[in-house]
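The structure under discussion appears below in the form of structure tokens.
The values are calculated or read from the model by the stated rules, or taken from the named source; none is laboratory data. Quantities reported herein were computed from a predicted structural model and do not represent experimental measurements. Here Cβ is always computed from backbone atoms with ideal geometry, including for glycine, and neighbour counts include all displayed protein chains.
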Amino acid sequence: MAIEGKEIEKVAHLARITVTAQEINTLTIDMSNILNLVAQISDVDTQACPSMAHPMECEQRLRPDVVTQLNQRDALQAVAPATEAGLYLVPQVIAAHPKDKS
Amino acid sequence: MFNKTLCELASALQNKELSSVELTQYFLGRIAKLNPTYNAFITIDETQALTQAKNADQRRAKNQATPLTGLPIAHKDIFCVQGMKTSCGSKMLHNFISPYDATVVKKLNDQGMVTLGKTNMDEFAMGSSNETSFYGPVANPWDTDCVPGGSSGGSAAAVAARLAPSASGTDTGGSIRQPAALCGITGLKPTYGRVSRYGMIAFASSLDQGGPMTQTAEDAALLLQGMAGFDPLDSTSIDCPVPDYMANLNVSLKGKKIGLPREYFAQGLDHDVELKIQAAIDVLRQLGAEIIDISLPNTALSVPVYYIVAPAECSSNLSRYDGVRYGYRAPEPIDLEDLYKRSRSEGFGAEVKRRIMLGTYVLSKGYYDAYYIKAQQVRNLISQDFQHAFTQVDCILSPTTPTPAFKTGAKLNDPVSMYWSDIYTIAANLAGLPAMSIPAGFAQKLPIGLQLIGQHFQEAQLLNVAHRFQQATAWHQYLPNQISE
């Protein structure tokens with residue numbers, strides 16, 4: 001199965017990855033080759049076979065709903081690229097109100 | 001001293017023939033001298049290693065030593081070590097100093113092991129040759145023009161070159177066993193859920209599993225004993241008692257039923273590799289094992305299933321790298337979208353981006369059922385093949401890889417060809433089974449590995465077969481030429 005450049009661009013956006021024109025060309029070939037490889041499974045009869053969620057068919061273990069971890073905000077934020085007053089800094093998301101601009 | 005096994009070094013420490021400080025200094029010296037040739041380490045922390053060694057000696061002096069106290073280990077750079085750079089082989093985490101220890105690291109620290117440093121690896125464990133690392137490729141100690149395998153290539157090369165007597169590794173589709181085979185060492189991927197994944201940077205969460213990489217099966221048993229066990233911090237850790245892995249190593253193989261899956265001895269297997277595996281089978285037969293022909297009919301589907309499931313889980317797990325909370329952040333982003341996209345595009349290498357894109361594609365609207373759900377159904381068929389086989393045999397034997405190590409660069413631009421090099425190892429991850437690779441001879445002057453696959457939680461049985469084989473053979477004792485004292 002072949003994948004086209006436009007689909008590569010769409011997937012790249014979904015994955016929040018920027019791709020150059022040259023990368024689109026390479027990815028079109030590589031991903032088409034990989035999709036051809038994985039396409040082999042489409043002919044397998046799986047009607048009687050449930051989807052496997054866990055190698056040992058275990059259910060997700062639950063724990064009591066109690067606090068078990070101490071607050072480590074300072075230690076965890078020490079590795080952040082930009083913080084202020086315990087918050088992570090990112091570029092402005094919400095535009096400033098016109099009245100605030102003066 | 002460099003060629004002593006982990007168990008021999010443990011005895012030497014116990015008998016006070018040497019101290020942990022002396023041992024640690026010795027291996028730090030070897031790393032300083034030989035690592036520039038192999039590029040097996042990303043980080044070396046002499047200060048911390050010697051502090052841990054000193055503490056280990058004091059602990060021994062107080063008669064509080066465990067079997068692992070004072071023994072050096074190199075951790076794959078996928079395991080978080082508090083206060084130490086944990087890069088996962090990626091520019092994305094080039095600046096990441098872990099604020100906490102992985103459970104594996106904490107358990108081994110608590111038992112007094114000494115961390116020599118962090119080993120090189122394929123970026124985010126995505127690769128079979130250690131060529132996708134941001135820190136450059138690792139050279140195979142047997143032939144420095146060849147790859148060491150991957151993704152735990154640095155750990156395998158470090159043990160093979162005797163830069164460390166033991167190392168940790170992780171295995172998502174063969175990343176402990178394939179480099180172990182290509183570097184001529186012993187590597188064990190435990191049952192899924194046997195060793196905690198907490199603090200082990202996630203690639204594909206339903207497949208990832210940490211384990212030991214050592215010279216011998218006996219060493220692997222000693223190290224696994226220290227690594228294994230239930231961890232409440234890992235929601236997929238399984239609460240099941242850990243047996244004494246050393247206790248059954250010498251049990252006779254008389255009457256042990258070992259299955260040979262005919263699909264693993266088919267087209268694509270190098271003739272020299274096959275001859276060596278057949279010779280190894282003869283050794284096991286002489287040791288009393290009964291060799292039985294079996295079939296795992298869906299083997300050929302394991303690579304296609306893996307390259308849907310693993311990228312799908314990778315695309316989800318790696319969405320956390322967004323330039324906000326830790327890791328690489330692109331300079332001067334114009335808005336949030338630009339921050340995300342440029343941080344990820346500049347921080348990830350080509351193979352990681354390819355797998356994220358593939359995973360995003362197979363999980364996207366219109367393709368989820370055809371790819372992801374279908375793959376999980378076929379995965380179930382692969383698992384059922386094994387369960388059927390284990391009604392006939394105690395464990396399964398195969399080559400670990402179809403060929404010995406290939407030349408650096410030979411498959412780098414052909415992802416599909418690279419993916420096929422894991423053909424014999426992937427199925428054990430899909431089925432969550434324990435599997436190990438042990439040295440079984442040489443083909444084209446390069447080491448080859450024999451793989452043993454067991455039923456869930458039967459690591460002790462694999463270690464028993466591997467140990468008895470190593471008692472009868474010397475393949476695990478051969479050394480690369482250039483690494484002498």
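Quick one: which residue in A:84, A:59 is out of contact with any Phe, Trp or Tyr (no Cβ under 6 Å at 6 or more places or on another chain) and under 25 Å from residue B:205 (Cα atoms)?
A:59
Read through the list (1) in a loop (DSSP other than H, G, I, E, B); (2) away from chain A (no Cβ under 13 Å); (3) of a type outside the set (Val, Ile, Thr); (4) under 24 Å from the mean Cα position of the chain (by Cα), then give the number of the only condition that residue B:392 fails.
(4)
Can you pull out the residues in the range B:309-337 that are out of contact with any Lys or Arg (no Cβ under 8 Å at 6 or more places or on another chain), at the interface with chain A (Cβ under 7 Å from one of its Cβ atoms) and outside any loop (DSSP other than H, G, I, E, B)?
Across the range B:309-337, the qualifying residue is only B:336.
Considering only residues that are out of contact with any Lys or Arg (no Cβ under 7 Å at 6 or more places or on another chain) and of a type in the set (Val, Ile, Thr), look in the range B:291-301 and name the one that is farthest from the other protein chains (Cβ to nearest Cβ).
Among those residues, the one meeting the criterion is B:294.
Yes or no: residue B:10 more than 25 Å from the chain's Cα centre (by Cα) and assigned to a helix (DSSP H, G or I)?
no
Give the range B:368-389 a look and list any residue that's among the aromatic types (Phe, Trp, Tyr) and either more than 10 Å from chain A (Cβ to nearest Cβ) or closer than 27 Å to residue B:253 by Cα (or both), or say none.
Hits for the range B:368-389 are B:368, B:386.
Please identify the pairs in which a residue from the range A:4-29 that is over 21 Å from residue B:316 (Cβ atoms) has its Cβ atom under 8 Å from the Cβ atom of a residue that is surrounded by 14 or more Cβ atoms within 10 Å (Cβ to Cβ) and hydroxyl-bearing (Ser, Thr, Tyr), counting only partners at least 6 apart or on another chain.
Sorted first by the residue in the range A:4-29, then by its partner, the pairs are A:4/A:28; A:5/A:28.
Of all the residues that make up the range B:351-377, how many are within 26 Å of residue B:151 (Cβ to Cβ) and of a type in the set (D, E, K, R)?
4
Could you grab the pairs with beta carbons closer than 6 Å, sequence gap of 6+ or different chains, first residue in the range B:353-377 and farther than 15 Å from residue B:316 by Cβ, second one of a type in the set (Val, Ile, Thr) and in a helix (DSSP H, G or I)?
Close Cβ pairs (under 6 Å, with a partner that is of a type in the set (Val, Ile, Thr) and in a helix (DSSP H, G or I)) amount to B:374/A:41.
Looking at the range B:281-301, I want the residues that are touching a residue at least 40 places away in the same chain (Cβ under 8 Å) and have a partner that is surrounded by 13 or more Cβ atoms within 10 Å (Cβ to Cβ) and among the hydroxyl-bearing types (Ser, Thr, Tyr) with Cβ atoms under 7 Å, at least 6 apart or on another chain. Which pairs are those?
B:283/B:473; B:299/B:264
Of the residues that make up the range A:47-66, is at least one surrounded by 12 or more Cβ atoms within 10 Å (Cβ to Cβ), among the hydroxyl-bearing types (Ser, Thr, Tyr) and more than 9 Å from chain B (Cβ to nearest Cβ)?
no
Which residue, of B:48, B:58, is closer than 27 Å to residue A:70 by Cα, part of a helix (DSSP H, G or I) and of a type outside the set (D, E, K, R)?
B:48
Residue under question is residue B:304, and the condition is that it be at pLDDT 95 or above and at the interface with another protein chain (Cβ under 7 Å from one of its Cβ atoms); does it hold?
So residue B:304 passes the test.
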